[in-house]
Amino acid sequence: MKVVVVGGGVTGMFAAYYLLKDGHSVTVVDENSQNVPTSVFNAGLIMPSAGALPTIGLQAILASYVGRSGPVYISLAEVLRNLKWFRIGLRKGLHGFEGPLTALGESSLALYSDFFDEVGMDVDHQKGIVSLYRNKEHAKRAAAISKARFVDAEEVSRMGFRNIGGGAYLEDESSVNPFKLFDALRGELRKLGAEFVLGRRAELIATRGHVASIRAGDQTLTADRYLVAAGSWSAGLSESLGYRVPLLPARGMALIFDTGGREVVTVSALLEDDGVGVTQHNESTLRLTSFFEMVGFKGEFSEKRREWFLDRAKQYLTNFGDLKPSEAGVGFRPCTPDQLPLLGAIPGYDNAFIATGNCRLGVTLAPASASIVRFMMEGKAEPVSGDKGWSAFDPARFR
Ligand SMILES: Cc1cc2nc3c(=O)[nH]c(=O)nc-3n(C[C@H](O)[C@H](O)[C@H](O)COP(=O)(O)OP(=O)(O)OC[C@H]3O[C@@H](n4cnc5c(N)ncnc54)[C@H](O)[C@@H]3O)c2cc1C
């Protein structure tokens with residue numbers, strides 16, 4: 001089978017990887033050029049338990065933080081432009097996602113382990129993540145919910161953090177360096193014979209329930225099956241098929257620091273009260289991430305927001321000193337209002353599929369999401385098969 005995957009982010013590349021391994025011929029189209037990768041300005045945490053943790057769910061996002069004093073901001077203009085998304089979010093999105101997300105995440109953990117064994121490339125893979133809270137009782141509650149080991153303030157301080165009441169330590173969860181994961185995936189796809197069309201924006205050309213081709217700049221690509229894995233841009237792309245899906249970008253920022261050999265933290269962490277991710281990938285690379293802002297596709301953060309971010313680092317990281325970022329980037333999380341991904345056939349189409357909507361867990365969920373959609377494209381699974389709980393991810397569910 002010949003497949004074109006639109007979107008060379010972590011989801012599209014894992015889908016291409018599984019399709020290639022099953023013997024198909026795959027072309028990946030991405031509008032970014034080779035040197036400007038996406039899916040890399042994130043924390044790189046592979047963290048299924050985050051699907052169910054209470055403080056960072058949509059409930060907290062929609063109900064607790066509207067204002068620019070914390071990590072979350074939702075602009076009024078974005079709410080007014082997307083009333084349907086927010087209406088569904090408030091009605092449906094607060095509960096019910098935890099089980100399917102955690103199961104998908106756990107299946108991803110196993111697939112990541114196979115991937116790392118197979119690829120054998122060093123992606124700064126580190127076991128263990130700690131969720132940290134200012135309030136000790138919140139940490140105990142999180143540890144109970146996610147079946148993690150509670151760690152007290154003293155143990156947390158040995159990990160490099162201060163002003164923390166306690167944490168939930170998850171020894172089976174892990175982190176990677178997103179740049180290296182990206183390189184490993186691209187390298188592996190090349191080895192398996194993938195073709196890349198980079199630096200060209202794809203458009204779907206369709207008639208009567210059938211995608212005929214993809215236009216990418218001056219090239220026309222034809223295939224047996226087409227996969228839309230274009231992250232937050234998937235909604236705009238699939239609108240030309242008459243498929244309107246509530247999917248909004250939630251932007252965030254990653255700051256990368258050269259520590260000059262200094263060990264700032266010994267364990268990857270999520271500072272839950274302020275939504276800050278912290279990972280020291282190796283002796284000299286520290287990564288901090290933050291912000292969940294629903295403001296459309298704007299790519300610039302103000303100086304004031306950056307200062308807020310750096311202040312968090314100084315407040316919580318004992319050995320941060322006055323490190324200055326060597327690199328900064330903005331990422332967009334593709335979010336559905338019910339917090340569940342969209343995986344399967346595009347409604348009304350016999351040869352077009354979609355894989356997106358993993359929002360704040362796109363790195364964690366990419367292998368499992370990609371693997372499911374690959375089976376659907378191969379006709380090895382009913383598009384929506386209730387027995388595995390995949391119906392929760394049905395792309396037609398918002399119709
Ligand atoms: C600050 C931050 C921290 C995060 N931390 C974590 C974390 O620790 N763990 C975790 O699991 N997740 C995390 N995430 C979420 C994760 O980064 C996203 O969910 C993930 O990147 C989504 O991957 P994707 O491949 O679906 O989409 P994307 O990464 O957005 O990739 C989509 C690709 O499609 C391409 N594209 C779009 N339109 C077109 C078109 N018309 N033609 C051709 N190409 C097109 C784009 O160029 C892009 O390369 C974080 C996100 C942010 C912003």
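The values are calculated or read from the model by the stated rules, or taken from the named source; none is laboratory data. Keep in mind the model is a prediction, meaning the values are calculated, not measured. Cβ coordinates were reconstructed from backbone atoms using ideal geometry, including for glycine residues, and neighbour counts include every protein chain displayed. Remember, those area values only see protein heavy atoms, side chains included, never the ligands or the DNA or RNA. Shrake-Rupley method; radii C 1.70, N 1.55, O 1.52, S 1.80 Å.
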Seminar exercise, completed: Sorting ALA368, TRP308, PRO246 by the position of each Cα along the dipole of the range 244-399 (Lys, Arg +1; Asp, Glu -1; all at Cβ), the one nearest the positive end of that ordering is PRO246
Exercise. Roughly to the nearest percent, how much of the accessible area of the chain is carbon and sulfur, given a 1.4 Å probe?
Worked result: 49 percent
For this session: Under a cut-off of 29 Å between alpha-carbon atoms, report the lysines in cross-link reach of LYS2, not counting same-chain residues fewer than 8 places apart.
Result: LYS21, LYS180, LYS191, LYS380, LYS388
Exercise. What list of ³J(HN,Hα) values in whole Hz, one per residue of the range 225-238 in order, does the Karplus curve 6.51 cos²θ - 1.76 cosθ + 1.60 (θ = phi - 60°) give from phi, with Gly and Pro shown as x?
Worked result: 9, 10, 10, 8, 10, 9, x, 5, 7, 5, 5, x, 5, 8
Exercise. So, how do all the Cα-to-Cα distances of the chain break down into 20 Å bins, in percent, from 0 on up?
Worked result: 29, 59, 12, 0
For this session: Using only the alpha carbon atoms of the range 260-301, find the Kirkwood hydrodynamic radius as the inverse mean reciprocal pair distance, in angstroms to one decimal.
Result: 12.0 Å
Exercise. Taking the chain as a Gaussian network, where each spring joins two C-alpha atoms under 10 Å apart, which residue of PRO367, PRO347, PRO48 fluctuates the most?
Worked result: PRO347
Problem set entry | Charge dipole (debye, nearest 20) of the range 2-393; +1 at Cβ of Lys and Arg, -1 at Cβ of Asp and Glu | 1020 debye
Seminar exercise, completed: Under 5 Å from the placed amide H of TYR73, counting only residues 5+ away or on other chains, we find PHE292, GLU293, MET294
For this session: Give the long-range amide H neighbours of ASN351: residues separated by 5 or more places, or on another chain, with amide H under 5 Å away, using H modelled in the peptide plane at 1.01 Å from N.
Result: VAL211
Seminar exercise, completed: Of all DSSP beta bridges having both residues in the range 2-393, the percent classed as antiparallel (nearest 5) is 70 percent
For this session: Would you mind checking which residues have amide H under 5 Å from VAL276's amide H? H placed 1.01 Å from N; only 5 or more apart, or other chain.
Result: LEU271
Seminar exercise, completed: accessible surface per residue for the chain, probe 1.4 Å, DNA/RNA/ligands not counted, whole Å² -> 41 Å²
